[in-house]
Amino acid sequence: MSRIETALNALKAQNRKALIPFVTAGFPYVDITPRLMHAMVEGGADVIELGVPFSDPSADGPVIQKAGDRALALGIGMTQVLAMVREFRKDDDSTPVVLMGYANPIERYEQKHGTGAFVRDAVAAGVDGVLVVDYPPEECEAFAAELRAAGLDLIFLLAPTSTDERMAQVARVASGYVYYVSLKGVTGAGTLDVGQVEAMLPRIRQHVRIPVGVGFGIRDAETAKAVGQTADAVVIGSKIIQLIENEPFEKVGMVATNFLRTIRKALDA
């Protein structure tokens, strides 16, 4: 059983919802990420999604794109991201960490370090799951099997436009949890329609037996609480990036902790 499955099963047994914050690795300062991850756990994070910077993201809105560009300018790539997870693991052996990003950094890492190097080194660093935005389920069954054999989960996105066929395809290869994108568009775009989320989740659960997290458009305690009524997990990214982007180094962790505490309190209510 993976760390992700263990964490989500424990929350379900307590009738609690998972809080999954997202931050871009190496943002807003090159060496702040492990410290920021610990701060998010202190604020109530149950799983951490760590964004791997990439120059041509297709699902990221302007806020996360800007964060990724800034991290790339600071020299952050997959090697540095794995080192950040290793550093985090020195003091936290229980909080699951998911790398979220795109195929190119993974494939480039394998070109440089050899076939199988990404999975091998991700396991060694303490990664628990991978969400690759541009790996469709029908084209990555071998990669999913490789991850499962190493004890890692492969997480997929579903969207308001996903068909029953696509949900079934995802269900065959996904593990850990499924991430439902609540909006048509990129991260941070639009206004969340809670009613639409409530209508969609039963459809997803006809096919998917693992937990369903909801993200894109969740920006405060009120929307998090509303989504948490039906979802198994709430994912928040763009709002955190906005809150920390202009803070001095020593205040970044505190700002993230305080914000997530308000979300945790709302979900637990």
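Readers should treat all values here as calculations from the given coordinates under stated rules, not as data from a laboratory. Keep in mind that this is a model prediction, so the values were computed, not measured. As a convention, Cβ positions derive from the backbone with ideal geometry for all residues, glycine included, and neighbour counts pool all protein chains shown.
Sorting MET167, MET100 by the number of Cβ atoms found within 10 Å of their own Cβ, with the fewest placed first, yields MET167, MET100. For GLN206 and ALA150, the FRET efficiency from 1/(1 + (r/R0)^6), where r spans their Cβ atoms and R0 equals 25 Å, is about 0.25. Within the straight-line cut-off of under 24 Å between alpha carbons, the lysines reachable from LYS225 are LYS12, LYS17, LYS184, LYS239, LYS265, sequence neighbours fewer than 8 places apart in one chain being disregarded. Extension gain for MET1-ARG86 works out to 28.5 nm (0.36 nm per residue, less the C-alpha to C-alpha distance).
Between ASP134 and ASN246, full extension at 0.36 nm per residue minus the direct alpha carbon distance yields a gain of 37.3 nm. For ALA168 and ALA124, a Förster radius of 51 Å and the Cβ-Cβ distance give a FRET efficiency of 0.90, rounded to the nearest 0.05.
The slack in the chain from HIS113 to LYS66, taken as 0.36 nm per residue of separation less the alpha-carbon distance, amounts to 14.1 nm. Between region 228-242 and region 110-137, what is the C-alpha centre distance in whole Å? Rounded to whole Å, the Cα centres lie 24 Å apart.
With neighbours defined as other Cβ atoms within 10 Å of a residue's Cβ, the residues LEU72, LEU158 order from fewest to most as LEU72, LEU158.
Taking the number of Cβ atoms within 10 Å of each Cβ as an exposure proxy, the fewest-first ranking of VAL214, VAL30, VAL132 is VAL30, VAL132, VAL214. Short-range pairs are left out: with C-alpha atoms under 8 Å and at least six residues apart, the relative contact order of the chain is 24 percent.
In the chain, the DSSP-assigned H stretches of four residues or longer account for a calculated mean residue ellipticity at 222 nm of -14500 deg cm²/dmol, using -39500 (n - 2.57) per stretch and the full residue count as denominator.
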